[in-house]
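Here is the structure we will look at.
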Amino acid sequence: MNLCFVVSEEEQDIRIDKYLTDCCHGLSRSFLQKLLKSGNVLVDGKPVKSSYQVSEGNQISCQVPEAVEPEILAEPMDLDILYEDPWVILVNKPKGMVVHPAAGHLSGTLVNGLMYHCRGQLSGINGVLRPGIVHRIDMDTTGVLIVCKNDVSHQHIAAQLKEHSVTRRYQAIVHGVIKEDSITIDAPIGRHPTERKKMSVNQKNGKHAVTHVTVLERFQNYTYIECRLETGRTHQIRVHMASVHHPLLGDLLYGPGRCPFQNLQGQTLHAGILGFIHPESGEYMEVTATLPEYFETLLHKLRSL
């Protein structure tokens with residue numbers, strides 16, 4: 001992609017990296033500096049350094065290489081498959097596994113394992129980096145994830161997710177003792193105004209989000225709960241529980257800075273039940289993933305306190 005600009009009188013005497021940052025929306029200054037260093041930016045037909053100050057009338061040509069998506073390799077993995085047919089595959093995702101490749105995680109993801117297991121028979125609607133992926137759960141969340149094997153299946157499941165008709169029940173352990181037997185948290189969720197990696201309850205710019213919470217068991221300083229998602233926003237349970245002052249145990253992003261239990265990796269959250277209308281049969285089906293060993297061990301410790 002070739003971008004061309006002519007410097008106006010008001011824009012002169014500005015460093016070219018700053019000038020290009022203002023003109024090339026979506027491209028970072030550091031990326032543009034790399035283009036300058038590699039000779040992909042010409043001023044009046046000649047390469048210049050990042051420190052060059054533009055002058056009125058300069059004709060600037062910026063050659064931006066086309067983005068190349070990395071090749072995603074199929075990797076043999078011992079996947080915990082809960083159900084599989086020619087349309088869908090439901091997997092019990094372990095703690096610490098990333099769902100699909102991204103920067104810093106191009107291998108060892110669930111998608112890498114699925115590509116090997118399914119031999120390429122995955123939906124392609126979400127592109128080469130996310131074949132078959134119609135929804136996801138966080139890296140440190142365990143439990144049921146549905147993956148689509150073809151585009152027709154993908155469209156059916158995506159429509160159910162959009163209509164909020166998919167049953168999704170999670171188990172979690174939270175800080176503090178919840179007095180009510182059940183609560184409903186109806187609070188919009190959006191990007192945190194100052195911390196990019198976080199979401200937050202955002203009344204102004206957030207999207208509609210509802211979580212139904214049922215108390216399963218109370219301990220001295222913690223509560224074991226089930227959460228039923230009515231909507232599916234990013235980090236929804238983690239944000240909603242933190243907003244009512246009951247953050248998830250082990251959640252260092254939304255909870256206390258230190259976890260009282262050693263070797264607990266991330267939030268204590270498990271996607272236990274997923275129910276949906278099968279795209280081929282039209283019948284409702286539910287798949288259950290049992291609590292992981294670390295979760296059961298933690299419950300045993302809390303009961304003995």
- Message: Going by what's in this entry, would Gly39 be described as closer than 30 Å to Thr142 by Cα, in a loop (DSSP other than H, G, I, E, B) and free of Cβ contacts under 8 Å to residues at least 40 places away in the same chain?
- Response: no
- What is the one condition in (1) touching a strand residue (DSSP E or B) at 6+ places or on another chain (Cβ under 8 Å); (2) open to solvent by less than 20 Å² (accessible area, probe 1.4 Å); (3) modelled with pLDDT under 95; (4) not in a loop (DSSP other than H, G, I, E, B) that Ser61 does not satisfy? (2)
- What residue, of Asp13, Asp44, Asp17, is in contact with a Leu (Cβ under 6 Å, 6 or more places away or on another chain) and in contact (Cβ under 8 Å) with a residue 12 or more places away in the chain? Asp17
- Looking only at the stretch 150-159, decide whether some residue is out of contact with any strand residue (DSSP E or B) (no Cβ under 7 Å at 6 or more places or on another chain), surrounded by fewer than 17 Cβ atoms within 10 Å (Cβ to Cβ) and assigned to a loop (DSSP other than H, G, I, E, B). no
- Query: If we keep just the residues of the stretch 162-191 that are surrounded by fewer than 17 Cβ atoms within 10 Å (Cβ to Cβ) and under 19 Å from the mean Cα position of the chain (by Cα), which is nearest to His270 (Cα to Cα)?
  - Reply: His164
- Message: Considering only residues that are of a type outside the set (Val, Ile, Thr) and outside any helix (DSSP H, G or I), which ones fall in the stretch 3-36?
- Response: Leu3, Cys4, Phe5, Ser8, Gln12, Asp13, Arg15, Cys24, His25, Gly26, Leu27, Ser28
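The values are calculated or read from the model by the stated rules, or taken from the named source; none is laboratory data. Predicted model, so just to flag it, every value in this text is computed and none were measured. Glycine also receives a Cβ, built like all others from the backbone with ideal geometry; neighbour counts cover every protein chain displayed. The protein model used for the area step is the full one, side chains on, heavy atoms only, and it has no ligands, DNA or RNA in it. Shrake-Rupley method; radii C 1.70, N 1.55, O 1.52, S 1.80 Å.
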